[in-house]
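Presented below is the structure to which this report refers.
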Amino acid sequence: MIDMKWMGDRVPNHGPRAAKNRTYTPIVIVNHISIGTMASMDAWFRNPAAQASSHFGNARDGRVHQYVDIKRAAWTQGLLPAAIPTAPAAVVREMGVNPNLYCVSIENEGYAGNGADGTLTEEQFWSLCWLHKYIQMEVERIWGHHIRFGPDTVLGHYQIDPRRKPYCPGLNFPWARLYAELAVAESIQTLELYEERIAYQLSQASRYAAAFAIAGRVRDLAERLSDKTWGAAAETKLLYLAPVMPSIAYGDGPVTAAGIASRILQLGQTAMGAGSWQEEAVRKLLLLEPIMKEKGVL
């Protein structure tokens, strides 16, 4: 179902998953943003002088390119030994070696005006979810190791190298939505069955998925409101939604970023239930979709 093309025949930038007489099993999946088109990614990884690569590239139209066999170490999130003890991700500190040895990397296509901030298209989001499941299944098939999806095994580059890549894969990368969907993927036993779910979500019957995505994105912004780095930007994005508040029964009182988040998350909880108000909650959440897409919030 997903269009994945092998591009590795002309990619020289990779090495063995071994160092100092020890071989390593992939245990972490790392997400990146390319800051370039898929075409530029293809060319860069084929350039020996680049000394860089990724296992996979994930295009904005949902295509997937594979550049490096996952049995090999792509050169994507390497660290010098001195930087390892200060990496934010616990697994990096615990492993104590170059992360390339035990990571599988995904470069998500994003460039100026088109996802450089980590915003993914709908097709790109679902191909990314498919890629995570594909990687999970391949690692289990080859090494007998199950990568259990979660915040400690699905990382962003910034969690490995905050000095050189402090924002990668972007401030608007949909972490909350991705983790929520990967929790579903974790419960599905085969890639084929998960592909059926993705096909459904991409069909006209994906209204509920869109509503959940809206609630998930708002939850992500609400969690950032108190953050010193991201708080102001999160507040601005939530306030973009103020014109829609009368249509979703915001209530009396001043419209604030926190109030907007609270109301939308209430609707999200109702939409996820099975009560008589579920469909109405979904309808109200979908009223937010046009302005969220217009403002680049979704």
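Check segment 151-165 and report whether any residue there is open to solvent by less than 60 Å² (accessible area, probe 1.4 Å), in contact (Cβ under 8 Å) with a residue 12 or more places away in the chain, more than 18 Å from TYR102 (Cβ to Cβ) and touching a helix residue (DSSP H, G or I) at 6+ places or on another chain (Cβ under 7 Å). No, segment 151-165 has no match at all. Here is the figure for segment 1-48: residues that are in a loop (DSSP other than H, G, I, E, B), closer than 23 Å to LEU178 by Cα and either open to solvent by 80 Å² or more (accessible area, probe 1.4 Å) or in contact with an Asp or Glu (Cβ under 7 Å, 6 or more places away or on another chain) (or both) total 5.
Apart from one condition, ALA222 fits all of (1) closer than 26 Å to ALA281 by Cα; (2) in contact with a Gly (Cβ under 7 Å, 6 or more places away or on another chain); (3) at pLDDT 95 or above; the exception is (2). Among the residues of segment 115-165, the one identified as in a strand (DSSP E or B) and touching a Leu at 6+ places or on another chain (Cβ under 9 Å) is VAL154. In segment 227-245, the residues that are within 19 Å of GLU289 (Cβ to Cβ) and in contact (Cβ under 8 Å) with a residue 40 or more places away in the chain form Cβ pairs under 6 Å with partners that are open to solvent by 20 Å² or more (accessible area, probe 1.4 Å) and in a loop (DSSP other than H, G, I, E, B), at six or more places apart or across chains, as follows: TYR240/LYS295; VAL244/LEU287.
Among the residues making up segment 1-59, those that are out of contact with any helix residue (DSSP H, G or I) (no Cβ under 6 Å at 6 or more places or on another chain) and basic (Lys, Arg) are LYS5, ARG10, LYS20, ARG22.
The single condition from (1) of a type in the set (Phe, Trp, Tyr); (2) free of Cβ contacts under 8 Å to residues at least 60 places away in the same chain; (3) open to solvent by 30 Å² or more (accessible area, probe 1.4 Å) that TRP175 fails is (3).
I'd like to check something: does segment 133-141 contain any residue that is in contact (Cβ under 8 Å) with a residue 24 or more places away in the chain and closer than 19 Å to ARG60 by Cα? Looking through segment 133-141, at least one residue is in contact (Cβ under 8 Å) with a residue 24 or more places away in the chain and closer than 19 Å to ARG60 by Cα.
Taking segment 83-114 as the range and being open to solvent by less than 10 Å² (accessible area, probe 1.4 Å), assigned to a strand (DSSP E or B) and in contact with a Lys or Arg (Cβ under 8 Å, 6 or more places away or on another chain) as the test, only GLY110 passes. Whether any residue in segment 47-56 is within 17 Å of the chain's Cα centre (by Cα) and either more than 23 Å from ASN114 (Cα to Cα) or not aromatic (Phe, Trp, Tyr) (or both) is what I want to check. Taking every residue of segment 47-56 in turn, at least one turns out to be within 17 Å of the chain's Cα centre (by Cα) and either more than 23 Å from ASN114 (Cα to Cα) or not aromatic (Phe, Trp, Tyr) (or both). Per this entry, GLY144 is counted among residues that are modelled with pLDDT of 90 or more, open to solvent by 10 Å² or more (accessible area, probe 1.4 Å) and within 25 Å of TYR24 (Cβ to Cβ). Among the numbered conditions (1) of a type in the set (Gly, Ala, Ser); (2) closer than 17 Å to HIS157 by Cα; (3) free of Cβ contacts under 8 Å to residues at least 60 places away in the same chain, tell me where ALA74 comes up short. Among (1) of a type in the set (Gly, Ala, Ser); (2) closer than 17 Å to HIS157 by Cα; (3) free of Cβ contacts under 8 Å to residues at least 60 places away in the same chain, ALA74 violates only (3). For beta carbons closer than 6 Å, sequence separation of 6+ or different chains, a first residue in segment 4-25 that is closer than 17 Å to SER40 by Cα and among the charged types (D, E, K, R) and a second that is open to solvent by 20 Å² or more (accessible area, probe 1.4 Å) and at pLDDT 95 or above, the qualifying pairs are ARG10/ARG46.
The values are calculated or read from the model by the stated rules, or taken from the named source; none is laboratory data. Every value quoted in this text rests on a predicted model; they were computed, and no experiment measured them. Quick reminder, even Gly has a Cβ in these numbers, built from the backbone with ideal geometry, and neighbours come from all protein chains shown. Note: areas computed on protein heavy atoms with side chains; ligands, DNA, RNA excluded. Shrake-Rupley method; radii C 1.70, N 1.55, O 1.52, S 1.80 Å.
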